[in-house]
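I have placed the structure first, in the form of structure tokens, so that the comments after it can refer back to it.
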Amino acid sequence: MMATVRLSFSPAPVHVRTARLVGVAVARRAGVAEELLDEVRLAIGEACTRAVALHNQYGVADLVTVEMSDSDSYTVRVIDHAPIEASIGLTKLPPDELAAESLTDEDLTTGVGFALLAGFVDDLKVSPVEDGAGTEVRMVWPVQRR
């Protein structure tokens, strides 16, 4: 039975914890292996923190959305509504220029977030949202059916 859980929350850091907790509970119910649950928790937290930071940095009041679904796998989509340039700006800089930049905490959170996510998630896709401004971070984990 496929289930989808959707959370939408204001771009406040306090809501990231709730998204992580719900994400892990849904992952466990979906059949994600116990040894992957820390990875799920960290990845959802990182993706949501990145989205909240982008919203706050660019003054976007829209809600951050997290969608979790299970079928043949456990898929989590974290959707922000910040300008797409905000999401990719730091990743375009060569590493030596990135190191030389005077980066704010927000820059570090949003730019380095992709590198951290890639370390947590084997199946990661980052793409522009289809309608309007923003980025979708899609993460997938295998499930074990009982």
Accessible surface, 1.4 Å probe, highest first, among residues ILE44, ILE79: ILE79, ILE44
Tell me, what is the percent relative contact order of region 1-67, built from C-alpha pairs under 8 Å that lie six or more residues apart? 52
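The values are calculated or read from the model by the stated rules, or taken from the named source; none is laboratory data. On a predicted model such as this, the values are computed, not experimentally measured, just so you know. Please note that ligands, DNA and RNA were not included when accessible areas were found on the heavy atoms of the full protein model with its side chains. Shrake-Rupley method; radii C 1.70, N 1.55, O 1.52, S 1.80 Å.
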